[in-house]
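What follows is a set of notes on a single structure, which appears directly below.
The values are calculated or read from the model by the stated rules, or taken from the named source; none is laboratory data. For clarity, every value in this text was computed on a predicted model and none was experimentally measured. Cβ placement follows ideal geometry from the backbone for every residue including glycine, while neighbour counts extend to all protein chains displayed. Accessible surface areas use protein heavy atoms only, side chains included; no ligands, DNA or RNA. Shrake-Rupley method; radii C 1.70, N 1.55, O 1.52, S 1.80 Å.
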Amino acid sequence: MRPHKPVLRGALPVLAPAAVAVAAWAAWLGWDQRYDVRPDGSVSGPYEGWQVGGLVLTLLIAVAWATARGHSAAAVAGTTAGLALAAVVDWSGDGDGLFMVGVALVAVAAFVCSAVVSAVTDTLRGDAPPVR
């Protein structure tokens, strides 16, 4: 008889990238909630380019690491779900109701970008066995 794997251990490859994505969103973007008004009256923000770049770099490393360990699909799914969840929580207070359009765009971009990073990492890794 084959021993049972605990459910959490089986879900860990998806939950870990999701948790990293939520934590990275909170660290890079979650604290900056105000828009900047320039002297000419134009408005920008709430995020600066360096904040978004930091988030992207953090998640690029996380997806590449998980993929190198043999969890390509979990890295893509977890990162996409984590970023979508973080965006929903962060943007749901907008009064116009259009935040779900932004969430959908974040989810699509996260899926495409993490899939590309995962595919490139898999290609560079070649036929190496997954690290355990």
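Numbers for the structure displayed
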read-out: Any pair with Cβ under 9 angstrom, 6 or more apart, that starts in segment 53-69 at a residue that is within 9 Å of residue 117 (Cβ to Cβ) and without any contact (Cβ under 8 Å) to a residue 40 or more places away in the chain and ends at one that is surrounded by 16 or more Cβ atoms within 10 Å (Cβ to Cβ) and of a type in the set (Ser, Thr, Tyr); value: none
read-out: Check on residue 20, modelled with pLDDT under 90, under 15 Å from residue 110 (Cβ atoms), open to solvent by 50 Å² or more (accessible area, probe 1.4 Å) and touching a helix residue (DSSP H, G or I) at 6+ places or on another chain (Cβ under 8 Å); value: no
